[in-house]
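The values are calculated or read from the model by the stated rules, or taken from the named source; none is laboratory data. Bear in mind the structure is a predicted one, so any value in this text is a computation, not a measurement. Please note: Cβ atoms are built from the backbone with ideal geometry, for glycine as well, and neighbour counts cover all protein chains shown.
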Amino acid sequence: MISIELILRKIKIKNFLSYKETEFTDLKKYNILIGKNSSGKSNLFKIFQLLIDCYNNKSFNKNFIYNGDENKEVYFILEFEFSEKFRKELLFSLFNLKVFENTFRFNEGKLGYPPPNEWKHHEKKFDWFKSKGYFFGFSCQIGFYKDSNALGIDKISILNINQEFLIYRLEREQNSFRSNIISINNLVENRDKLDDYFNRVLLKSGSSLSRIILKNQLNELVDSNYLIKPLIQKLISCFFENIFIIPEHREFNPNMDTINVNITEILPSGSNLVKLLHKKTVKNERDWIKRFNDDLQYFIEEVEELKQDLDNNDKTNLILKERGLDLSLLYENMGAGILNVALFITCLMENDKSRIICIQEPELYLHPGLERKLREYFIEKANQFTFFFTTHSREFLAKDRELCSVHLIRKLNAQTTVLNIPLTEGNFKLIYEDLDIDLDQMTEEREMINDGPFWTNFIRKILKKKFETKLWDFKKTLGFLHISDPQIKRVKKIEFCEKIAAFGNTDGGLIIVGITNPIPRKIEGIDLNENDLNDINNLFLDLITPPRDFVHVQLISINNNEENKKHCLCFIIAQTSEVLGVKHDNGTIKYVIRTFSGTKPVDPQIIRNSKKEIKRDNYNFINSLKKEN
């Protein structure tokens, strides 16, 4: 197992963003943040990014202060547990410097202390420190300083199991600051018991600072004494330089230039994934490429390989080869789920072990089975990395109490609160009740949208009806599939996306393609190939905003009047919690709703008002359709 030097166990936040005063406690290697939209889940990641920015000498953004009040006490506490390896290194260095020499000489053989001479052996001494819970970890408080408009380290403490031992403090003196550090040398003559020893706060005069700059302050502390120096070095390497945040909005450029390809590093958004794959190709890193495609095949068995190739303009293009097909799909024909999984795999392969990996909404564009596979993949990798996820999906909840933690994020009166949830099945249900989500209903919905026989029977019954409702629509074919004129094709695509968005903006519903609309309806079927299906899946992400995975495409086989089996395409569309717009080529966005006669353009505020009580994307309309069966 890879040793992680500092293990983040607790975060306390006061007056940052929507966190007035709250704590993330009992953090593990796999941490889930779950809650309603706008509850403040992603604010923790924003604070992480703020700390990184301030470490890199960027100015502090005052919009991060709760309620904009600069006169409030604003701080952020990180509490770490030492790995056993680092704890041993730290204590052995102090043993070598004879920091505890007189304390042990004075107390040897007394109750609770090692017998005479045994304390001279570092291993024995370390075991004794460990059994007493001394030097368990450390905490660092980072605060906001109004005069400097900057963040600075307020204090650093060594953590014993039941005790906090201050070793650094920043003090204000008129218009300047004084950095006070414990003097280890003064403790050499100490003759107290260690419990009393750890209660002492012996500060030397330290150095004066005219203003606070986080990075300069950290660099100054690295040059300080032999207790603080290793702690700050690990804080920098294990936290400030070690956080990797994958945003919710991920983008994948289909082609890129090959300039400076040798120094390419994967970007968290995934925008340069194709260039990174090109780098691995030109450097002939065959083992890396094989491991990457092996992992990708674990998630999606149909994938033979995801690779890149150069075009005539010396640009690198993303290409997917599917198993058993003499066909390679270009980027624009790939599903977003494949690309998201490929990004997660690449980020873990390319990042140093022991990094803190933060992922917003990992479930986007993935079906539940793939989400569960991804959860197990992340849990397996948690022996190397620390993970934080924001999610709405129950599939990422895990029951391993030693490895995983779940935090329920709520917002009340503009304040975000954080509740650490014990990992039990009953508590998982409580989480979804808090989210106003009926767990049984969600499970039933997911089962129904994948139930081919249900949709086949439903279509057979409504074929004979002389009317449509707001919940379904028939189309003979997809007008854009076989049109060669690119301009007309684009117009037809936009028209179809408007139909899809109209259902999502109203009550949800379905569009059945391959059946004529006029009475008597005829089953004519629809001819599709792999490229067509991939093109359809990407169409909605391309033209509908915000990009969401709210359409399930189900291929239905049904007999026509001549008892010939025909293939129809059923678009099962969720009612969305957000307003959907369709992008037009002139830069405008059109908002439409479903009516009995088709679609109708409306002001987006009307749709927004209608969605105030909708807590999540849902397929509630299926209950109405079941009555037709």
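Scanning segment 585-629 for residues that are modelled with pLDDT of 90 or more, surrounded by 12 or more Cβ atoms within 10 Å (Cβ to Cβ) and part of a loop (DSSP other than H, G, I, E, B) gives Y591, V602. Suppose the filter is part of a loop (DSSP other than H, G, I, E, B) and in contact (Cβ under 8 Å) with a residue 12 or more places away in the chain; does Y365 pass it? Yes. Restricted to segment 289-306, and to residues that are crowded, with 17+ Cβ neighbours inside 10 Å and of a type in the set (F, W, Y), which residue is modelled with the highest pLDDT? Looking at the filtered set, the residue picked out is F292.
Please name all residue pairs, on different chains or six or more residues apart, with Cβ atoms under 7 Å, provided the first residue is in segment 465-482 and is over 13 Å from E495 (Cα atoms) and the second residue is of a type in the set (G, A, S) and at pLDDT 75 or above. Going by the 7 Å Cβ cut-off, the qualifying pairs are K470/G509; L471/G509; L471/S624; W472/G509.
Taking the listed residues K280, K234, the one that is out of contact with any Pro (no Cβ under 7 Å at 6 or more places or on another chain) and over 26 Å from I4 (Cβ atoms) is K280, with no other qualifying. Scanning segment 578-627 for residues that are β-branched (V, I, T), farther than 29 Å from E444 by Cβ and free of Cβ contacts under 8 Å to residues at least 40 places away in the same chain returns T588, V602, I606.
Note on segment 542-584: among residues that are over 20 Å from F454 (Cα atoms) and hydroxyl-bearing (S, T, Y), the one that is surrounded by the fewest Cβ atoms within 10 Å (Cβ to Cβ) is T545.
So which residues in segment 257-289 are assigned to a helix (DSSP H, G or I) and touching a Lys or Arg at 6+ places or on another chain (Cβ under 8 Å), if there are any at all?
Filtering segment 257-289 for residues assigned to a helix (DSSP H, G or I) gives 261-263, 273-282, 286-289.
Selection gives V261, N262, L277, T281, W288, I289.
Assess whether G508 counts as being among the small types (G, A, S), modelled with pLDDT of 85 or more, closer than 30 Å to G369 by Cα and out of contact with any Pro (no Cβ under 8 Å at 6 or more places or on another chain).
Criteria met by G508.
Does D309 satisfy the criteria of being acidic (D, E), outside the structural domain of P546 (by TED's automatic domain parsing) and within 30 Å of G137 (Cβ to Cβ)? If you could, list the steps in order and put the result at the bottom.
Numbers: acidic (D, E): yes; outside the structural domain of P546 (by TED's automatic domain parsing): yes; within 30 Å of G137 (Cβ to Cβ): no.
The answer is no for D309.
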